[in-house]
Each structure stands twice: as structure tokens, then as C-alpha cells.
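Rule-based calculations on the coordinates, nothing more; no lab input. Treat the numbers as computed from the prediction; the structure is a model and nothing was measured. Because the Cβ atoms are built from the backbone with ideal geometry, glycine has one as well, and the counts that use them run over all protein chains shown.
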Amino acid sequence: MNTGLHRIPGAYTGIPSWIYVMAALGALLVLLPLAAMVAKVNWPQFVPLVTSESSLTALGLSLRTSAASTVLCIVLGIPLALVLARGSFPGQRLLRSFVLLPLVLPPVVGGIALLYTFGRQGLLGRSLEVLGIQIAFSTTAVVLAQTFVALPFLVVSLEGTLRTAGGRYEAVAATLGARPGTVLRRVTLPLVLPGLASGAVLSFARSLGEFGATLTFAGSLQGVTRTLPLEIYLQRETDADAAVALSLVLVAVAVSVVALSYRGPRRPPPGPFPDAGSGASGGSRAARRTTAAPASHGNVQ
Amino acid sequence: MTFRLEAAVAARGFDVSLTVGPQETVAIMGPNGAGKSTLLAVIAGLLHPDSGSAEVDGRVLFHQAADRSVWMAPHHRGTALLAQEPLLFPHLTVLENVAFGPRSRGASRHEARKTARHWLRAVEAAELSGRRPGELSGGQAQRVAVARALAADPELLLLDEPMAALDIHAAPLLRRLLKRVLAERRAIIITHDVLDALMLADRVIVLEGGRITESGPTREVLQRPRSRFVAGLAGLNLVAGTLTERGVRSAAGQDIAGQHDPTPAVLAPGQEGVAVFPPSAVSVFLTEAHGSPRNSFPVTITDLEPHGDQIRVRAGELSADVTPAASADLGLAPGMTVFFVIKAGAVSVYPA
């Protein structure tokens with residue numbers, strides 16, 4: 001039925017008018033600082049500032065490490081979301097709370113925790129050191145720190161999509177003879193692809209902006225661990241114009257990434273999540289058809 | 001060569017045992033919450049019963065006992081499930097949906113598509129192969145779902161109210177289609193519709209409160225209902241009570257005279273029995289009617305509703321059919337007290 005309730009422009013919304021005032025204030029709180037920053041940009045010097053060697057190095061490092069941590073989030077986040085949404089085991093609620101912890105934890109604290117795990121004197125660090133592997137203050141540390149803070153975004157988004165989708169398609173697939181691996185590959189993942197995509201985008205954006213955990217755990221070595229946010233913070237001390245210009249670059253990258261793949265709150269994936277019983281009414285079928293059409297090859301019309 | 005099941009699920013008060021022959025279609029009927037869907041979930045392996053066992057042609061599907069526990073995963077069972085909603089995978093074309101079963105069982109892409117085309121033709125949906133599920137009508141989608149279930153070559157086909165979500169025009173088409181494809185096949189179909197049971201099933205099993213209450217060839221069960229639920233399905237009035245020399249005495253102490261069926265000799269008075277009569281055999285009077293072979297008792301009208309070209313007069317659990325003219329003449333209205341009069345000859349009496 002969700003699909004049948006498209007908002008018609010001018011239709012009754014039920015929103016009290018003072019809500020619009022509050023909403024406008026909220027929007028201003030986000031937009032005004034951005035505008036103030038844009039106003040401060042030294043435009044004649046903009047290009048030289050953002051193309052300086054240290055800036056480009058930092059930007060490149062940021063994009064590379066964020067891409068790597070997004071991949072890591074996908075690889076680790078899909079199984080986590082699956083067992084949280086579909087599994088049933090003791091300690092499930094506790095696990096969910098801990099997986100979501102980085103969302104509310106100050107990143108600096110996350111960085112310290114990572115340091116005491118992978119650092120030279122850390123829980124795993126000492127054993128890794130023996131094997132000749134040093135993680136702290138390396139590019140790997142940047143990726144780990146970013147994954148640490150970004151993973152919950154993917155897990156939350158995907159778990160929600162999995163719950164909305166329910167397990168009925170999977171049950172049917174199993175009775176048709178598909179083993180669990182096949183069901184995951186051919187049914188579950190394609191069905192939750194929108195949720196996975198928006199989760200991955202959020203993770204990427206969060207990785208791109210990561211500062212506290214990175215600084216604590218990975219330090220600020222140019223070309224190795226100094227990502228764009230760190231570079232901006234450093235430049236602010238010496239060259240405010242450069243900091244503002246780079247901030248604008250970061251905003252632009254973040255906005256374009258989010259705009260590219262995140263199209264607002266999604267409806268459940270197209271297809272039948274019915275309206276049990278009354279599914280035969282012409283109205284809902286027509287609505288279902290319109291939602292599914294963009295996904296097809298467009299050979300209906 | 002049969003399917004045999006015995007299973008109990010304590011949490012749902014479910015305890016059922018049944019068998020299905022190699023080419024037999026069994027209809028499962030029962031009120032909501034009777035455990036019909038639980039039954040299919042247990043067979044398909046989507047729900048673990050607390051105890052019991054099931055096997056199909058000697059293959060053990062599960063065996064839950066204190067000493068031994070065997071559990072076959074759903075994808076090994078060969079029990080394709082067709083639900084009320086078609087549940088076609090929205091991201092696959094119709095052809096890929098139908099090819100899903102064979103492909104999952106290891107057929108090559110080419111073979112799987114060949115099988116899929118065969119079954120799409122069998123359900124008269126070959127022209128839909130290239131479409132996405134979102135572009136199908138409810139009836140088309142359910143036909144494709146039938147093809148998908150059959151393409152998996154199930155040893156036991158499970159149908160959970162396959163017609164329930166269809167509109168009145170699509171249902172008859174699918175019913176005819178199912179009649180054709182279920183003919184030589186072992187299947188269990190849950191339905192609320194007597195027509196499905198009559199047309200599609202060799203046998204009907206009535207499930208009430210998690211237990212089988214009636215079972216037998218569809219015609220016989222409908223002709224001789226023993227529970228109020230089946231009587232309702234068959235459109236008959238049923239009064240349960242104990243058998244007497246002349247008929248049945250209801251729990252409320254009302255005597256109903258009728259024809260013992262079969263011969264009175266086998267009936268022992270005092271045994272539990274039922275009196276069954278069609279609403280058309282019930283006349284409605286404003287005053288008590290007299291005449292020897294009649295039953296006459298006061299009732300309070302609860303509802304009046306159109307029923308074909310008659311008016312159905314409901315009084316609690318009994319109903320009578322009268323013509324609209326008679327209803328108007330008598331000035332029938334809910335809340336009125338009237339007399340239901342039934343000829344003894346129209347009442348069948350038999351043990352419950």
C-alpha cells in the first residue's frame with residue numbers, strides 16, 4: 001500500500017504552520033555556516049590553493065582510504081547486518097548495541113581504543129609486531145579508523161532494508177531448491193541493493209570526513225596518514241585561505257557523492273509487499289506497476 | 001510410495017498426522033488460526049516442529065525424537081511452496097523466475113531456460129517471459145508462480161490459498177489451470193473455498209484448533225458434515241447433541257426430530273450425534289406452527305442478508321432461506337422473535 005500513497009502536490013499534509021518555522025531554523029543551522037564559509041573563499045587564489053602538492057596528496061589519500069574502508073565496510077557489514085536482521089542467537093541485542101557504539105562514541109575515544117588494540121603495545125599489536133607487521137601510524141591505520149567509525153552506517157541502513165524486505169522471498173527460494181549461498185547471491189542481495197547502496201554511500205561520506213580517530217590512531221604524516229580533514233586542520237593554523245578552499249573541496253566531494261546515489265528515504269524495493277487480501281484492486285496494481293517500471297528495460301510503454 | 005507426516009508444535013497447539021498418496025491432491029480447510037499454514041511450514045522445513053517425523057517415498061524429511069534427530073534443509077526437500085501472493089523475485093524476468101528452481105538444482109542455464117519455457121507454455125504464459133514481475137497483473141503473476149513451482153519438479157507441491165489474493169475474474173482461470181496441472185501430481189492445497197476442494201482435491205482434511213477434525217473424500221465430507229465449520233462451508237445448518245430415538249437432543253435441551261441415516265439400527269441413543277438440514281428446508285412463522293412431523297422452535301433473528309434470489313434469515317447459528325416477498329409479508333427484522341419450522345423428513349441425523 002505504501003506505493004499507493006504518493007503525495008499529490010497541494011494535498012493536505014497535516015503539518016502545523018509553526019513546524020515550518022522550526023524546520024527553516026533547522027535548515028538554516030546547516031546551510032548558514034556553509035554559506036559563511038563559501039563567502040570567505042579567496043576565489044582568485046582558489047585553484048592554486050587546492051592544487052598545491054600537499055593538498056592534492058591529502059585529497060588523493062582521502063579518496064583512496066575512503067574507498068578502501070567502504071569496501072571493508074561492505075565486506076564486514078553485510079554479514080553483520082544479515083545476522084542482526086535474520087539470525088537469532090543469544091546476545092544478539094548486545095551485539096547490535098556494540099556495533100552501533102561508534103555512532104555515539106567520540107572518534108578520539110575510538111582512536112585510543114584502536115591504538116590499544118593495534119598499537120605497538122596493544123592487544124594484537126604486540127603479536128603483529130613479532131610478525132613484522134606494524135599498523136599504527138600507517139595508511140592501514142587510516143583505513144581501520146575510518147572503517148571503525150563508518151561501519152555502523154552501513155549496518156544500520158542494510159539491517160533496516162533487510163527487515164523491511166522480510167524473509168518471504170528467501171523462504172520461497174529455498175523451497176524451490178536454492179541452497180543458502182544461492183539465496184543470498186540471487187535473491188537477498190539483489191532485493192536489498194538500494195539499502196546496500198545508500199549504506200555504502202553513507203559509509204564513504206563518513207570515512208571521508210573522519211578526523212579524530214585517524215589523528216589519534218594514525219597520526220598526521222604527509223602522504224601516509226594525513227587525509228584531507230587533517231590537512232585542513234593543519235592549514236588552518238598557518239594559512240586560513242587554504243583551509244577554507246580545501247573545506248569547500250571536501251563539501252563538494254561529499255555533496256556530489258551523496259547526491260549521486262542517495263535519493264532520500266526509500267520505499268521498500270519495488271514489487272509485491274502487499275496489502276494482503278486486497279491486492280487485486282486495480283488501483284494498487286497500477287501503482288505497483290509504475291514503481292516497477294523504472295527498474296525494467298522500459299519495454300512496457 | 002506416499003508422503004507421511006506426524007508433527008506437533010506445542011507453542012501453536014498443533015498436532016497433526018496425515019498421509020498423501022503419490023498422485024493425490026489433498027485440500028486442507030479450517031477456520032483462521034487452525035494451523036493450516038503451520039502445517040505447510042513444517043512440511044517445507046521453514047518451521048521446526050517439537051516432535052514428529054515426515055518422509056516422502058521413504059526419504060526422511062525430518063525426525064524429531066528424544067533419541068534421534070534428523071533435519072533435512074528446505075532446499076533438499078522437494079516441497080515447492082506456492083503462497084497467496086506470487087512472490088516472484090522482482091529483479092528477475094518472468095523466464096528467469098521460472099528457471100530459478102532448475103538452475104538452483106544444478107541445471108545449466110540453457111537447460112533451465114528450456115524447462116522454464118516448457119512450464120510457461122503449460123500455464124499459458126509463454127508470451128510473458130521477457131517481462132518483469134512488476135509488469136504483470138495479479139492473475140498473470142500467480143500463473144507464473146505456478147509455473148515456477150512446477151519447474152522445480154517438486155515431489156510434493158504445497159499451495160497456500162493460491163486464489164485468495166486474486167480478483168473474481170482471475171480466480172476461475174487459475175482454478176482451471178490448477179485442475180489441469182494437479183491432476184497427476186501430489187499436492188496439498190490450503191483453501192477457504194469449497195469449490196477449490198471439490199474441483200481440485202481428491203480428499204479434504206479439516207483442521208480446527210491445530211487438530212484434524214474431519215477427513216475423507218471431499219463430497220462425503222461436505223454431504224455429511226460433522227462440525228459446524230464444515231456445515232458452514234457446505235451451506236447447511238448443523239445442531240450437535242446426543243442421539244435420541246427420533247433425532248437429536250441439543251446441548252440446550254432442544255429436541256430435533258429427523259431421519260436417522262444410515263438405518264436407525266446402528267445408532268445407539270445417548271451417543272454424540274448431529275442433525276443437519278439445509279436453510280431452504282426451514283420455514284419462518286410468526287406464531288408456533290402445529291403439525292406432527294415438524295420441528296418448531298422460537299429463535300431471535302440476528303441478521304438478514306441477501307443470498308442469491310432469497311433472503312437468508314440468520315438466528316444465531318441457524319439460518320433459513322425465505323423469498324423476499326415472504327420476508328416483507330412477515331415484516332422480518334433483526335431482534336424479532338420468530339419460529340423456525342423444519343420438516344422432520346428434511347433433517348438428517350447421524351453420529352458425530
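Computed on the Cα trace of segment A:1-144, the radius of gyration divided by the Kirkwood hydrodynamic radius gives Rg/Rh = 1.11. Rounded to the nearest 10 degrees, the angle from helix B:170-182 to the longest Cα principal axis of chain B is 70 degrees. Distance between the pseudo-spin-label points of A:LEU101 and B:ILE168 (7 Å out from Cα toward the beta carbon): 6.2 nm. Pairwise Cα separations in chain B fall into 20 Å bins from 0 onward with the following percentages, short to long: 26, 46, 25, 3. List the aspartates and glutamates whose alpha-carbon lies under 17 Å from that of B:LYS343, not counting same-chain residues fewer than 8 positions away? B:LYS343 reaches B:GLU245, B:ASP255, B:ASP261, B:GLU288, B:ASP321.
Placing unit charges on the Cβ atoms of the charged side chains and taking the dipole of chain B about its Cα centre, the candidate lying farthest along the positive direction among B:GLY216, B:ALA122, B:VAL338 is B:ALA122. For chain B, averaging the sequence separation of C-alpha pairs within contact (under 8 Å, six or more residues apart) and dividing by the residue count gives a relative contact order of 15 percent.
Ranked by how many other Cβ atoms sit within 10 Å of their own Cβ, fewest first, the residues A:TYR12, A:TYR116 fall in the order A:TYR12, A:TYR116. Around the amide H of B:PHE14, modelled in the peptide plane, lie the amide H atoms of B:VAL9, all under 5 Å away and 5 or more residues distant in sequence or on another chain.
With neighbours defined as other Cβ atoms within 10 Å of a residue's Cβ, the residues B:HIS63, B:HIS260, B:HIS118, B:HIS110 order from fewest to most as B:HIS110, B:HIS118, B:HIS63, B:HIS260.
Taken over the C-alpha atoms, segment B:237-351 has Rg and Dmax values of 14.5, 44 angstrom. Out of all Cα-Cα pairs in the protein assembly as shown, roughly what percent, to the nearest whole number, are more than 50 Å apart? Considering the protein assembly as shown, 36 percent of its Cα-Cα pairs are separated by more than 50 Å. Can you pull the percent of Cα pairs in segment B:72-164 with separation above 22 Å? Summing the P(r) tail past 22 Å for segment B:72-164 gives 19 percent. The distance separating the Cα centre of segment B:120-177 from that of segment A:145-166 comes to 36 Å. Using the crude model of +1 on Lys and Arg Cβ and -1 on Asp and Glu Cβ, and no other charge, please compute the dipole size for the protein assembly as shown relative to its Cα centre, in debye to 20. Around 1460 debye, computed over the protein assembly as shown. Sorted on the mean count of surrounding Cβ atoms within 10 Å across their residues, most packed first, peptides A:13-20, A:119-126 read A:119-126, A:13-20.
For the peptide B:78-90, the mean number of other protein chain Cβ atoms found within 10 angstrom of a residue's Cβ is 6. Treating the Cα atoms of segment A:103-197 as identical point scatterers in vacuum, please give the log10 of the normalised Debye intensity I(q)/I(0) at q = 0.14, 0.19 Å⁻¹, two decimals. These q points yield log10 I(q)/I(0) values of -0.70, -0.84. When B:ASP321, B:ASP67 are sorted by how many other C-beta atoms sit within 10 angstrom of their C-beta, beginning with the fewest, the order is B:ASP67, B:ASP321. One decimal place: the segment B:SER51-B:TRP71 gains 6.0 nm when fully extended, by the rule 0.36 nm per residue minus the C-alpha distance. Pick out, from A:GLY10, A:LEU144, A:LEU56, the residue whose Cα sits farthest towards the positive end of the charge dipole of the protein assembly as shown, with +1 on the Cβ of Lys and Arg and -1 on the Cβ of Asp and Glu. With unit charges placed on the Cβ atoms, the residue in question is A:LEU56.
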